[in-house]
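The values are calculated or read from the model by the stated rules, or taken from the named source; none is laboratory data. The structure displayed is predicted, hence computed values, not measured ones. Cβ coordinates were reconstructed from backbone atoms using ideal geometry, including for glycine residues, and neighbour counts include every protein chain displayed. These accessible areas exclude ligands, DNA and RNA; they are computed on the full protein's heavy atoms, side chains included. Shrake-Rupley method; radii C 1.70, N 1.55, O 1.52, S 1.80 Å.
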Amino acid sequence: MELQEIINKFRQNNGGAFTPSNEGFRVLDLKGQTFQINRPIYIHKMNNVIISNFRINISEKFTQESNLNLNVPKFTDKFALNLYKVKNILLKDVYIDCMKICSGISISKFLRVKIVRQFVLHQTEYGIYSPKCSKENGNNHELEILDSNIMEYEFGDGYGEKKGYLPKFDEAVSRNSTGIFLGQADNVIADCNIHLCKVGILSNMRANRIQGNHITAGGTKDREIFDCIVVNKNTRGACLIHNNYIDNGRLLIKTSNVEMADRNYVHVTDNIFYRGYNHPINKEFNHIYVLAENNNSSFANVIINSNIFYNQDANLDPSSEEKTFNPDSGLERVIKPFQVDTKNGNLDNKRCWGSSMEKNTFTNSQGLYEIPQSTNFVVKHNFKASENGNEKIELNKYVPFGLIVKVSIIGIYYSEKLKELNTITNSMNNDIPKLTVIDKQIFVTYKSKLDFTLHIEVLSGSFYKNHNIINL
């Protein structure tokens, strides 16, 4: 019996479309059967159902035309398995090999769907897809994707015995899919492995929690940059990104100058950002990349705290190909943890309120990355003795976004007493340096008979919408 026929009979024999929750869940356990399908499968008009334990292989004769007259949204014909007009559904222990013929799973017009231990492999456009809410697609709510594997490719695909139908996994042009697309609000993606996709997770709406996942871009021959997570903060997207392993890809945050972008929050905490063998040639790599789509874009309510930024030194040295291209360049690849793309716009520093970048940990590989940025840090600067000293300290490499809120001297070390901290009130009869702050620059004027090192505490970012800049 074909899979669609089994699903239809189960629905007819177990109360039709709807069953009150107090009557318990109906269970369709397919006991590990494998089904080869040549049309999209629909789980349609079902409530309070557990469907589990089966495998789907896509036939080479797969057609996007369904043999059911369901009046479903057009996009669903691209997916192997479609959940449509469902409520309180648990789908677990399902394996789908899309064979690079179709996408994996779509969920639309739903309320409370939980997808557990799925294995979606070789999808074309999407692994798991939930569309933006609309009259046709429904006012979707509460999708949970847990403990699953979404893999456009496995290592080795496209070579050897798999050469026939699979493109080569390590060529960037072969990557086409988004592993998980969240078009609606109130979702959870947790403890998943999202592997070798063009985009790992795309959050296009608010109240999404992305936690505990391993999202890897792997490497490609042309060292392409891939996006492990994309957040569309520019219009609707907002999410919590916590405790993930973001592996050889980046976090892309899109923002804009629309009013809603101020409200949209992005909290990036306690993640591991790793960069190893897949580094672009002659380019800077950024773990977190902000795309300002137009001038005066907002970066409000963004927290980037307590993350680990890690790189593997052995794999960041220039390859022989690069040395041939530019033999005298030395190390050509640079990691800068945070970067704002200003090609099409810029961040409005007055719209960075509620944001901070603090308490992050960076590996210390000389020459492979720029100085880590933060919104709360101490800068140490050496000054030569002078009767009319006047120097400028550039803070651009320290201050990632926002205005400087406060600058203060916390210590002066003189060359003859390096181990002695001389406070401002006890400055060995030397004139106290005076600080003036303009934009992301500190101008220091001083008179000193001795060389000295100044420790300056800087608080940047805009923590309050109507803050005042303090110039000392």
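Only one entry of Arg223, Arg275 meets the criterion of being within 29 Å of Ser174 (Cα to Cα), touching a residue at least 40 places away in the same chain (Cβ under 8 Å), surrounded by 24 or more Cβ atoms within 10 Å (Cβ to Cβ) and charged (D, E, K, R), and that entry is Arg275. Checking each residue in the stretch 218-244 for being closer than 15 Å to Ile288 by Cβ, out of contact with any strand residue (DSSP E or B) (no Cβ under 6 Å at 6 or more places or on another chain) and of a type in the set (A, V, I, L, M) picks out only Ile225. Could you say whether any residue in the stretch 70-79 is open to solvent by less than 60 Å² (accessible area, probe 1.4 Å) and at pLDDT 90 or above? So far as the stretch 70-79 goes, yes, one or more of its residues are open to solvent by less than 60 Å² (accessible area, probe 1.4 Å) and at pLDDT 90 or above. Residue count for the stretch 135-157 under the criterion of being at pLDDT 95 or above, among the charged types (D, E, K, R) and either closer than 20 Å to Asp77 by Cα or not in a loop (DSSP other than H, G, I, E, B) (or both): the result is 2. Report yes if some residue within the stretch 116-128 is of a type outside the set (Val, Ile, Thr) and either in contact with a Pro (Cβ under 6 Å, 6 or more places away or on another chain) or modelled with pLDDT under 95 (or both); otherwise report no. So far as the stretch 116-128 goes, no, none of its residues is of a type outside the set (Val, Ile, Thr) and either in contact with a Pro (Cβ under 6 Å, 6 or more places away or on another chain) or modelled with pLDDT under 95 (or both). Scanning the stretch 176-189 for residues that are touching a strand residue (DSSP E or B) at 6+ places or on another chain (Cβ under 6 Å) and open to solvent by 10 Å² or more (accessible area, probe 1.4 Å), which turns out nearest to Glu224 (Cα to Cα)? It comes out as Thr178. Does the stretch 317-336 contain any residue that is open to solvent by less than 80 Å² (accessible area, probe 1.4 Å), of a type outside the set (A, V, I, L, M, F, W, C), modelled with pLDDT under 55 and outside any loop (DSSP other than H, G, I, E, B)? Yes, the stretch 317-336 has at least one match. Could you tell me whether the stretch 49-63 includes any residue that is within 20 Å of Tyr129 (Cβ to Cβ), touching a strand residue (DSSP E or B) at 6+ places or on another chain (Cβ under 8 Å), of a type in the set (Ser, Thr, Tyr) and surrounded by fewer than 18 Cβ atoms within 10 Å (Cβ to Cβ)? There is no residue in the stretch 49-63 that is within 20 Å of Tyr129 (Cβ to Cβ), touching a strand residue (DSSP E or B) at 6+ places or on another chain (Cβ under 8 Å), of a type in the set (Ser, Thr, Tyr) and surrounded by fewer than 18 Cβ atoms within 10 Å (Cβ to Cβ).
For Lys87, all conditions in the list (1) touching a residue at least 40 places away in the same chain (Cβ under 8 Å); (2) more than 27 Å from Leu166 (Cα to Cα); (3) open to solvent by less than 10 Å² (accessible area, probe 1.4 Å) hold save one; what is the number of the exception? Checking Lys87 against (1) touching a residue at least 40 places away in the same chain (Cβ under 8 Å); (2) more than 27 Å from Leu166 (Cα to Cα); (3) open to solvent by less than 10 Å² (accessible area, probe 1.4 Å), the one that fails is (3).
When only residues in the stretch 454-468 that are surrounded by 14 or more Cβ atoms within 10 Å (Cβ to Cβ) and at pLDDT below 90 count, which is nearest to the chain's Cα centre (by Cα)? It comes out as Gly461.
This table checks each residue for (1) among the aromatic types (Phe, Trp, Tyr); (2) modelled with pLDDT of 75 or more; (3) not in a strand (DSSP E or B).
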| site | (1), (2), (3) |
| --- | --- |
| Gln12 | no, yes, yes |
| Phe18 | yes, no, yes |
| Asn22 | no, no, yes |
| Asp29 | no, yes, no |
| Gly32 | no, yes, no |
| Phe35 | yes, yes, no |
| Tyr42 | yes, yes, no |
| Val49 | no, yes, no |
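All of Lys114, Lys87, Lys132 fail the test of being closer than 22 Å to Ile210 by Cα and in a strand (DSSP E or B), apart from Lys114. Tallying residues that are farther than 14 Å from Gly218 by Cα, surrounded by 14 or more Cβ atoms within 10 Å (Cβ to Cβ) and out of contact with any helix residue (DSSP H, G or I) (no Cβ under 9 Å at 6 or more places or on another chain) within the stretch 151-175 yields 1. Residues that are out of contact with any His (no Cβ under 9 Å at 6 or more places or on another chain), among the hydrophobic types (A, V, I, L, M, F, W, C), surrounded by fewer than 19 Cβ atoms within 10 Å (Cβ to Cβ) and touching a residue at least 60 places away in the same chain (Cβ under 8 Å) do not occur anywhere in the stretch 96-112. If you go through the stretch 371-399, how many residues are free of Cβ contacts under 8 Å to residues at least 40 places away in the same chain and open to solvent by 50 Å² or more (accessible area, probe 1.4 Å)? Count: 2. Scanning the stretch 204-213 for residues that are open to solvent by less than 60 Å² (accessible area, probe 1.4 Å) and at pLDDT 95 or above turns up Ile210, Gln211, Gly212, Asn213.
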